[in-house]
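The values are calculated or read from the model by the stated rules, or taken from the named source; none is laboratory data. Please read all numbers here as calculations on a predicted model, not as lab measurements. Neighbour counts are summed over all protein chains in view; Cβ atoms, including those assigned to glycine, are modelled from backbone coordinates with ideal geometry.
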């Protein structure tokens, strides 16, 4: 059973009137749930541990969020919204693909350097696990599809605008870029410095088929 007394899981404990169960504040509970599952994984973490860390009863957790699979899927959605969606926004709105990727990877670098967060990538680590079917698999497929779709549109635009070479395969570039999230996830487990991470991002960006005009 995983210990919960770590720097990742410092949560505020609230006093409650005798005889009344503590209600679950989802706005403060979900970030804690994300970090618990991110660090502990689906199979190793129990709902008893989650409830204890939140300072609520297990029935309160069930009433608020449902079964374990549902809670885990909600945690994946929350992770995406907090840590992946900002990357997607850069991909959508930056004037060039190079800038879009640089700014998106900068978001990842800041996440890795945040000592209050576990290493790795919650979505990536989950995708590497045993979830071939069910709600968790469907949630992952939806979130990863959203990332790929956003990138696909941005890469095609870069080809049309002459930023990438005209013979570039969008599918290959997308696979390369998404693969670098996994690479950075692996690097995050080595206690890297900012200069280490910036160098890795520089190599990633250099590996794309830019045109000379860029």
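Brief remarks on what is shown
- Across the range 54-86, the number of residues qualifying as under 14 Å from the mean Cα position of the chain (by Cα) and touching a residue at least 24 places away in the same chain (Cβ under 8 Å) comes to 12.
- Unique match (being in a helix (DSSP H, G or I), touching a residue at least 60 places away in the same chain (Cβ under 8 Å) and over 15 Å from the mean Cα position of the chain (by Cα)) among 151, 140: 151
- Qualifying residue in the range 192-200 (condition: without any contact (Cβ under 8 Å) to a residue 24 or more places away in the chain, closer than 30 Å to residue 43 by Cα and out of contact with any helix residue (DSSP H, G or I) (no Cβ under 8 Å at 6 or more places or on another chain)): no
- Considering each residue of the range 8-20 in turn, none proves to be surrounded by 13 or more Cβ atoms within 10 Å (Cβ to Cβ), at pLDDT 90 or above and more than 19 Å from the chain's Cα centre (by Cα).
- Meets criteria (buried (at least 19 other Cβ atoms within 10 Å of the Cβ), touching a residue at least 12 places away in the same chain (Cβ under 8 Å), assigned to a helix (DSSP H, G or I) and out of contact with any strand residue (DSSP E or B) (no Cβ under 8 Å at 6 or more places or on another chain)) for residue 178: no
- The number of residues in the range 121-136 that are surrounded by 20 or more Cβ atoms within 10 Å (Cβ to Cβ) and under 12 Å from the mean Cα position of the chain (by Cα) comes to 4.
- Taken across the range 151-174, residues that are within 30 Å of residue 36 (Cβ to Cβ) and surrounded by 18 or more Cβ atoms within 10 Å (Cβ to Cβ) do occur, with at least one present.
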